[in-house]
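Before any comments, here is the structure.
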Amino acid sequence: MTRARSTQISMEDTPFYHCYTRCVRKAFICGFDREEGKSYMHRKEWIIDRLNLIAKVYTIDVCAYAIMDNHYHLVLKVDEEKSKLMNDNEVIERWMNLFNGDILINRYLKGECHSSGELHKVKEIVSQWRSRLSDISWFMRSINEYISRKANEEDKCTGHFWEARFKSQALLNEQAVLSCMVYVDLNPIRATMVDNLEDSDFTSIQQRI
């Protein structure tokens, strides 16, 4: 049975999580389609570029990643304290780097909000955005929805690109975090795609090397 996301992610237990997502039908729509003789490897670059962008917006650190032909892995660390310490304007600036603003927020930024009711509503909106900046579900959504729309536009089709909502696993201690990072880094070698870490494209270990 599918478990509620709230039962899988608990900041009280750990800030570290292993998240992964597969393409629909486990098809190689991020790799090389041998039947069609067509490469979709460029979509891995899309994921890396998007990951780099949202990592600057959310208060969630990317500890490790591996972008495979039909799925990808992330090891994430949530920094809730960083979100709490940001002022309202910084929260607004970060959020609006990814999403359209709110009419009231746009007026607030222009200095056009003066009533207590308007300012109270602004606080509510900013509080919601602040919470989302350290929310793994919103982080993953910011990757998956973007890639899905981009791929469907390229393929001139509609429908699901990802098999289902992302999976997550709590990493409860340092040993679990390090073991998971090693597991993620070794994915291309385990899949016999490459023979060494230096040639492991679209992975965090290659970037670190």
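The values are calculated or read from the model by the stated rules, or taken from the named source; none is laboratory data. Computed from a prediction, not measured in an experiment: that's the story for all the values here. Please note: Cβ atoms are built from the backbone with ideal geometry, for glycine as well, and neighbour counts cover all protein chains shown. For accessibility, only protein heavy atoms count, side chains too; no ligands or nucleic acids. Shrake-Rupley method; radii C 1.70, N 1.55, O 1.52, S 1.80 Å.
The residue that is nearest to residue 50 (Cα to Cα), among those in segment 81-120 that are among the basic types (Lys, Arg) and assigned to a helix (DSSP H, G or I), is 94. Hey, residue 81 hits all of (1) crowded, with 17+ Cβ neighbours inside 10 Å; (2) at pLDDT 85 or above but one; which does it fall short on? Failing condition for residue 81: (1).
Working only within segment 89-142, note down all residues that are of a type in the set (Gly, Ala, Ser) and free of Cβ contacts under 8 Å to residues at least 24 places away in the same chain.
Hits for segment 89-142 are 101, 111, 115, 116, 117, 127.
Scanning segment 56-69 for residues that are open to solvent by 20 Å² or more (accessible area, probe 1.4 Å) and not hydrophobic (A, V, I, L, M, F, W, C) yields a total of 4. Where residues in segment 13-28 are modelled with pLDDT of 75 or more and part of a loop (DSSP other than H, G, I, E, B), which of them is farthest from residue 180 (Cα to Cα)? Result: 13. Among (1) surrounded by fewer than 21 Cβ atoms within 10 Å (Cβ to Cβ); (2) free of Cβ contacts under 8 Å to residues at least 40 places away in the same chain, which single condition is residue 86 missing? Going through the list (1) surrounded by fewer than 21 Cβ atoms within 10 Å (Cβ to Cβ); (2) free of Cβ contacts under 8 Å to residues at least 40 places away in the same chain, residue 86 breaks only (2). Restricting the first member to segment 43-63 and to residues that are closer than 27 Å to residue 81 by Cβ, and the second to residues that are among the hydroxyl-bearing types (Ser, Thr, Tyr) and open to solvent by less than 20 Å² (accessible area, probe 1.4 Å), the beta-carbon pairs closer than 6 Å and six or more apart or on different chains are 54/142; 59/83; 59/134. Say we look at segment 121-167 and pick out the residues that are within 17 Å of the chain's Cα centre (by Cα) and part of a loop (DSSP other than H, G, I, E, B); which of these is modelled with the lowest pLDDT? Restricting to residues being within 17 Å of the chain's Cα centre (by Cα) and part of a loop (DSSP other than H, G, I, E, B), the top hit is 164.
For (1) of a type in the set (S, T, N, Q); (2) in contact (Cβ under 8 Å) with a residue 12 or more places away in the chain; (3) out of contact with any helix residue (DSSP H, G or I) (no Cβ under 7 Å at 6 or more places or on another chain); (4) over 27 Å from residue 138 (Cα atoms), each residue gets a yes or a no:
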residue: 169; (1), (2), (3), (4): yes, yes, yes, no
residue: 172; (1), (2), (3), (4): no, yes, yes, no
residue: 178; (1), (2), (3), (4): no, no, yes, no
residue: 187; (1), (2), (3), (4): yes, yes, yes, no
residue: 192; (1), (2), (3), (4): yes, no, yes, yes
residue: 197; (1), (2), (3), (4): no, yes, no, yes
residue: 203; (1), (2), (3), (4): yes, yes, no, no
residue: 207; (1), (2), (3), (4): yes, no, yes, no
